[in-house]
1. Looking only at residues in segment 62-96 that are open to solvent by 90 Å² or more (accessible area, probe 1.4 Å) and at pLDDT 85 or above, which one is nearest to the chain's Cα centre (by Cα)?
2. Condition first: assigned to a loop (DSSP other than H, G, I, E, B) and either open to solvent by 50 Å² or more (accessible area, probe 1.4 Å) or among the aliphatic types (A, V, I, L, M) (or both). Now tell me which residues in segment 116-129 satisfy that.
3. Can you spot a residue in segment 123-132 that is modelled with pLDDT of 80 or more and under 20 Å from THR35 (Cβ atoms)?
4. Pick out the one residue from TYR109, TYR154 that is out of contact with any His (no Cβ under 7 Å at 6 or more places or on another chain) and either surrounded by fewer than 19 Cβ atoms within 10 Å (Cβ to Cβ) or of a type in the set (Lys, Arg) (or both).
5. For segment 1-20, what are the residues that are modelled with pLDDT of 80 or more, among the aliphatic types (A, V, I, L, M) and over 24 Å from the mean Cα position of the chain (by Cα)?
6. If I ask for residues that are open to solvent by less than 50 Å² (accessible area, probe 1.4 Å) and either farther than 12 Å from TRP123 by Cα or small (Gly, Ala, Ser) (or both), which ones from segment 11-29 would you list?
Amino acid sequence: MMEPATLAQILAADPLEAWQAAIVARLDALFPGVTVKAHPGKIDISQMIAKTIVPAPGIAVGWSRVRSIELINGMVDLTVDWAAYIVVEAKAIENRAVDRDRLGWALGYRMMMILADREETTWSLNKITPPAEQPAPQLVPLYTVADEGRGVGYLAATWSQTLVAQGAGLYDAPAPMLTVTIDDDGRASAEADFGDDVPIEVRDLWEVDP
């Protein structure tokens with residue numbers, strides 16, 4: 001049964017903000033010279049045309065969906081669909097002109113290599129699975145005719161990861177204390193003490209070699 005929680009407690013228990021911040025921090029370190037920011041949610045192409053979400057070259061990290069998988073022990077796994085929106089434009093790099101499409105692919109390729117690295121994709125957090133194989137991480141261009149006139153291009157790297165064993169389980173009570181004895185015939189019996197002063201006896205559990 002759920003207990004009442006204040007807004008402060010709800011905010012403190014939210015794992016997504018810390019997860020998103022960890023992704024942003026790691027990508028910021030892995031992409032020096034690229035602006036990496038958090039984004040509140042899914043981006044559609046009209047938003048991109050109307051307003052630049054992050055200065056180019058830049059990456060905006062957001063999540064688009066959370067799915068809950070209930071486990072047999074009462075806990076849940078939360079599968080989160082993430083997206084890294086890459087914003088690019090033509091840029092001079094080491095005195096050499098690099099066009100928008102070339103830079104976009106290079107940043108997208110590096111993003112895909114990061115997502116293939118199991119150590120990197122824990123984002124230094126616990127209880128995070130590697131990116132799912134189905135659907136696999138993917139990189140898609142989001143260029144439009146309107147973008148051509150603005151000289152700005154967009155790509156999206158998407159992937160899914162799972163935050164495991166969330167919530168209170170059905171079996172969170174301490175495990176019972178077991179006292180096992182073996183008689184002269186090699187038969188074992190156990191007494192389970194659940195701490196309520198009413199031990200439960202379980203006899204003839206198994207046989208052992210004398």
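1. So the residue we want is ARG65.
2. ALA116, ASP117, ARG118, GLU119, SER124, LEU125, ASN126, LYS127
3. yes
4. After applying the criteria, what remains is TYR109.
5. Result: ALA5, single match.
6. PRO15, LEU16, ALA22 - these are the residues of segment 11-29 that are open to solvent by less than 50 Å² (accessible area, probe 1.4 Å) and either farther than 12 Å from TRP123 by Cα or small (Gly, Ala, Ser) (or both).
The values are calculated or read from the model by the stated rules, or taken from the named source; none is laboratory data. Just so you know, these numbers come straight off a predicted model, no measurement behind them. For neighbour counting, all protein chains shown are included, and Cβ atoms are generated from backbone atoms with ideal geometry for every residue, glycine included. For accessibility, only protein heavy atoms count, side chains too; no ligands or nucleic acids. Shrake-Rupley method; radii C 1.70, N 1.55, O 1.52, S 1.80 Å.
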